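Chemist: Quick one: the structure is below, and I'll ask about it shortly.
The values are calculated or read from the model by the stated rules, or taken from the named source; none is laboratory data. Source: prediction; values computed, not measured. Ideal geometry is used to build each Cβ from the backbone, glycine not excepted, and the neighbour counts take in all protein chains shown. Quick note on the areas: whole protein, heavy atoms, side chains included, nothing else; ligands and nucleic acids left out. Shrake-Rupley method; radii C 1.70, N 1.55, O 1.52, S 1.80 Å.
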Amino acid sequence: MSKAADVLTTYRDNDLTFFALTYKNYDATAECLGDLRKHYPASRVILRSDGDPDRRLPILAQRNQVDFRGELRLFGIENGGAVIERMLVLFLEKPTRYLFKIDPDTVIHRRFQYLPVRSGLFGTLQLEHETPSVQGGCMGFTRDAAEQILKSKMLRDSRLREPAKFISDSPYFLRMAHRADRCGLASFDWILPWIAGELRIPMYPFDEVNSGWQQAPPNPDQRYAVSHPRAVLS
């Protein structure tokens with residue numbers, strides 16, 4: 001432990017599990033896994049194909065010593081929280097102290113300088129005054145938070161399959177509905193904070209991560225260990 005009792009600086013690779021979901025984005029996935037293994041050679045990594053039959057994926061996973069799961073598509077809004085539930089189930093098969101959900105276009109620049117000890121969800125906070133959430137490009141979970149979310153069975157709430165019908169229940173359902181209307185998908189960004197709020201699971205910033213949407217954030221002198229998304233080369 002560091003001098004500050006709320007951070008851990010002496011973590012090991014086997015304290016961390018990384019989870020990535022892939023669907024028709026092989027090149028980004030390969031680049032992400034390459035970055036990840038450079039900095040965390042011994043951490044558990046789960047790569048779940050969400051209905052992508054690309055035959056290169058098992059080979060990529062084997063090359064990077066990754067736990068590969070080729071499974072049916074669950075991300076569609078018609079499946080509600082099933083895609084998140086599956087992530088937590090896979091994580092808890094061989095749980096570690098932390099889980100990091102990352103997108104294939106997430107960049108791992110270096111190792112974390114520290115990890116938080118406080119229970120909860122952590123990363124880059126967004127819309128803190130309206131619908132606070134952790135941005136989904138890189139979301140951290142402590143093991144107990146992941147266990148609490150899964151045990152609650154709230155990911156099986158039928159409202160998550162048709163959020164537009166329940167926007168009066170919570171402003172998070174309005175966010176979910178907008179996401180579903182735009183791309184037909186469920187949302188890690190809005191489902192998880194809704195559940196965290198209901199269960200009183202803390203969400204808090206983790207300044208080793210800079211995760212946004214669509215535009216790659218600056219990272220001078222590797223200020224951030226992880227950023228999202230990856231810059232697109234012209």
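Chemist: Would you mind telling me which numbered condition in (1) touching a Phe, Trp or Tyr at 6+ places or on another chain (Cβ under 8 Å); (2) in a strand (DSSP E or B); (3) open to solvent by 30 Å² or more (accessible area, probe 1.4 Å) residue 70 fails?
Modeler: Status for residue 70: all satisfied but (1).
Chemist: Let me ask you something else. Among the residues of segment 53-63, is any in contact (Cβ under 8 Å) with a residue 12 or more places away in the chain and part of a strand (DSSP E or B)?
Modeler: For segment 53-63, residues in contact (Cβ under 8 Å) with a residue 12 or more places away in the chain and part of a strand (DSSP E or B): absent.
Chemist: Also, I was wondering about something else. In segment 27-46, which residue that is within 25 Å of residue 73 (Cβ to Cβ) and touching a helix residue (DSSP H, G or I) at 6+ places or on another chain (Cβ under 6 Å) is most open to solvent (accessible area, probe 1.4 Å)?
Modeler: Top of the filtered list is 30.
Chemist: Right, something else. Return the total of residues in segment 8-33 being out of contact with any strand residue (DSSP E or B) (no Cβ under 9 Å at 6 or more places or on another chain) and assigned to a helix (DSSP H, G or I). Spell out the reasoning first.
Modeler: Our first condition is that a residue be out of contact with any strand residue (DSSP E or B) (no Cβ under 9 Å at 6 or more places or on another chain); within segment 8-33, this holds for 10, 12, 24-27, 30.
From what's left, assigned to a helix (DSSP H, G or I): 26-27, 30.
Of the residues in segment 8-33, 3 are out of contact with any strand residue (DSSP E or B) (no Cβ under 9 Å at 6 or more places or on another chain) and assigned to a helix (DSSP H, G or I).
Chemist: Kindly indicate whether any position in segment 125-133 is open to solvent by 30 Å² or more (accessible area, probe 1.4 Å) and hydroxyl-bearing (Ser, Thr, Tyr).
Modeler: So far as segment 125-133 goes, no, none of its residues is open to solvent by 30 Å² or more (accessible area, probe 1.4 Å) and hydroxyl-bearing (Ser, Thr, Tyr).
Chemist: Report yes if some residue within segment 91-105 is in contact with a strand residue (DSSP E or B) (Cβ under 8 Å, 6 or more places away or on another chain), farther than 24 Å from residue 231 by Cα and aliphatic (A, V, I, L, M); otherwise report no.
Modeler: Yes, segment 91-105 has at least one match.
Chemist: Might you check whether a residue that is under 16 Å from the mean Cα position of the chain (by Cα) and on the phi > 0 side of the Ramachandran plot occurs anywhere in segment 110-130?
Modeler: Yes, that holds for at least one residue.
Chemist: Let me ask you something else. Which ones in segment 217-229 are closer than 22 Å to residue 190 by Cα and in contact (Cβ under 8 Å) with a residue 40 or more places away in the chain?
Modeler: Correct list: 226, 227, 228, 229.
Here's the yes/no breakdown for (1) exposed (fewer than 15 other Cβ atoms within 10 Å of the Cβ); (2) closer than 17 Å to residue 24 by Cβ:
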{"residue": "49", "(1), (2)": "no, yes"}
{"residue": "65", "(1), (2)": "yes, no"}
{"residue": "75", "(1), (2)": "no, yes"}
{"residue": "88", "(1), (2)": "no, no"}
{"residue": "122", "(1), (2)": "no, no"}
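Chemist: Here is a further query. Mind telling me which of the residues 192, 160, 174 ends up being hydrophobic (A, V, I, L, M, F, W, C), open to solvent by less than 60 Å² (accessible area, probe 1.4 Å) and more than 15 Å from the chain's Cα centre (by Cα)?
Modeler: After applying the criteria, what remains is 160.
Chemist: I'm told residue 55 meets every condition in (1) open to solvent by 20 Å² or more (accessible area, probe 1.4 Å); (2) touching a helix residue (DSSP H, G or I) at 6+ places or on another chain (Cβ under 7 Å) except one. Can you identify the failing condition by its number?
Modeler: Exception for residue 55: condition (2).
Chemist: Residues in segment 82-93: is at least one of a type outside the set (Lys, Arg), modelled with pLDDT of 95 or more and either in a loop (DSSP other than H, G, I, E, B) or touching a Pro at 6+ places or on another chain (Cβ under 6 Å) (or both)?
Modeler: No, segment 82-93 contains no residue that is of a type outside the set (Lys, Arg), modelled with pLDDT of 95 or more and either in a loop (DSSP other than H, G, I, E, B) or touching a Pro at 6+ places or on another chain (Cβ under 6 Å) (or both).
Chemist: Applying the selection to segment 195-223, what residues are under 17 Å from the mean Cα position of the chain (by Cα) and not hydrophobic (A, V, I, L, M, F, W, C)?
Modeler: Once the filter is applied, which keeps residues that are under 17 Å from the mean Cα position of the chain (by Cα) and not hydrophobic (A, V, I, L, M, F, W, C), segment 195-223 yields 202, 204, 205, 207, 208, 210, 211, 212, 214.
Chemist: Looking at segment 102-117, can you tell me whether even one residue there is among the aliphatic types (A, V, I, L, M) and surrounded by fewer than 16 Cβ atoms within 10 Å (Cβ to Cβ)?
Modeler: yes
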